[in-house]
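Every read-out reported here was derived from the displayed coordinates using simple, explicitly stated rules and does not represent laboratory data. Worth saying up front: this structure is predicted, and the values here are computed from it rather than measured. Using ideal geometry, Cβ is built from the backbone for each residue, glycine included, and neighbour counts are taken over all protein chains shown.
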Ligand code: SF4
């Protein structure tokens, strides 16, 4: 199942204040692997394309959205529009917004006091999404240039899309299977929460629906933890342990050496995962091959 992803409209069609379209090679590639929902809050507000620039200013300690050229204060209109839009949205697995925009920027929108630049923070739309769904995977194209942030975001949205299918199917064995297949991935994100998820699955008295709802809450929390390199290294050693007694000393040295190179940032995660996948194929370790840790999202997106 493809992740249902809310995307800033200007990645798809000309919506920017200057009448332009944003071209980002990674976002362009990602579109084919997700079910996109495009939205532009500024266009939806009727500001037109092109339009005079808007900016965030701090007045009397409050955040305001203003259009300096016209002198309009758009704060209330924008908040009402965004809240209405968010309430009408179907369930999404994440949001990918445009950086630096006073509406969409995720931590990258500029705040001013009068004409003076103060700091960076969330744009109005990004902030409203965070308030409504604090654990929703939310990023912008600038943040996604960092490979570890990209890994975190993509693993999260693909896991949530898969869990959406479990919720829709309401099938107990599919529920257990989801947890089993995500074991190594979720342990890498946050081991105590992975254990909590296991307890929810195994709970003896709750109904399936209750368990699924509880599981979703904890899953979202678990996915907010960005896996560190050392947590990946633990997981990679754990997986390597399935093979080290069955391969030659030279192969073992190569595998463990590769994990150490990953620890020191000399190779990417995908390089080690490829080797582990090869070993899993060779020894027909289906349990390992099916683990989402080895295939958290399509390889083209690594
Ligand atoms: S950044 Fe957001 S508000 Fe600005 S053009 Fe893109 S979608 Fe519209």
I'd like the distance separating the alpha-carbon centroids of the stretch 174-250 and the stretch 255-302, in whole Å.
17
For the stretch 113-160, fraction of C-alpha pairs farther apart than 12 Å, in %:
71
Given the peptides 121-131, 173-183, arrange them by the average over their residues of other C-beta atoms within 10 Å, most packed first.
121-131, 173-183
Fewest to most neighbouring Cβ within 10 Å: what's the order for 250, 277?
250, 277
Rounding to the nearest 10 and keeping the result within 0 to 90°, find how far the Cα-based axis of helix 249-263 lies from the longest principal axis of the chain.
20
Specify whether the C-alpha gyration tensor of the stretch 4-145 places it in the rounded, prolate or oblate class, a ≥ b ≥ c being the square roots of the eigenvalues: rounded for a/c under 1.5, otherwise prolate if a/b is larger than b/c and oblate if not.
prolate
From the square roots a ≥ b ≥ c of the eigenvalues of the alpha-carbon gyration tensor of the stretch 197-241, which class results: rounded (a/c under 1.5), prolate (a/b over b/c), or oblate?
oblate
Three-way shape label, the stretch 229-301, alpha-carbon gyration tensor, a/c 1.5:
oblate
Which value at 222 nm does the chain reach when only helices count, each DSSP H run of 4 or more adding -39,500 (n - 2.57), with the total divided by all residues and rounded to the nearest 500 deg cm²/dmol?
-14500 deg cm²/dmol
Do you know the relative contact order of the chain, to the nearest whole percent, from alpha carbon pairs under 8 angstrom that are 6+ apart?
14
The chain: most fluctuating residue of 226, 64, 119 per GNM, C-alpha cutoff 10 Å:
119
With Cα springs under 10 Å, the Gaussian network model of the chain assigns the largest mean-square fluctuation among 35, 91, 168 to 168
